[in-house]
Amino acid sequence: MVQVTMRCVIEEARENLKKGKAAGVDGLTAQHVTFAHPIVTIHLAILFRILITYAVVPDDFGFGIVVPLVRNTCSNQFASDSYRGINLSHVLSKIFEFVLLRIFSSHLMSDTL
């Protein structure tokens, strides 16, 4: 397996962020990170290395805004099962999750049916 640097993984994550989505709790959108100066990648790599080394995750990465969306197939919009929730999470936590998945995917297992 080819060893990829964290900076490369972060750059890949920045490029793959979905544009035009609503901001999370922090008020940042994908465009903020995507079009930021390239030095942001270096700072994120340093931050993520520290988080991985000390096995910590900021509490704010666990916060999000849940927005209810009406399901297209439901006719009764007053029933609770007519909605599905989407979570608007921090852009930086999305990038961190992408990095973790890329780095540790060979060590993780998924129980698929």
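Below, the figures for the structure above:
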| read-out | value |
| --- | --- |
| Selection within the range 23-41 - loosely packed, with under 13 Cβ neighbours inside 10 Å and within 20 Å of Glu12 (Cα to Cα) | Phe35, His37, Pro38, Ile39 |
| Subset tally (residues that are exposed (fewer than 10 other Cβ atoms within 10 Å of the Cβ) and either modelled with pLDDT under 80 or within 22 Å of Glu12 (Cα to Cα) (or both)) for the range 54-78 | 6 |
| Spans of helices (runs of 4 or more DSSP H) in the range 5-93 with at least 3 residues in contact with a Ser or Thr (Cβ under 6 Å, 6 or more places away or on another chain) | 6-16 |
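The values are calculated or read from the model by the stated rules, or taken from the named source; none is laboratory data. All values derive from a computational prediction rather than experimental measurement. Cβ coordinates were reconstructed from backbone atoms using ideal geometry, including for glycine residues, and neighbour counts include every protein chain displayed.
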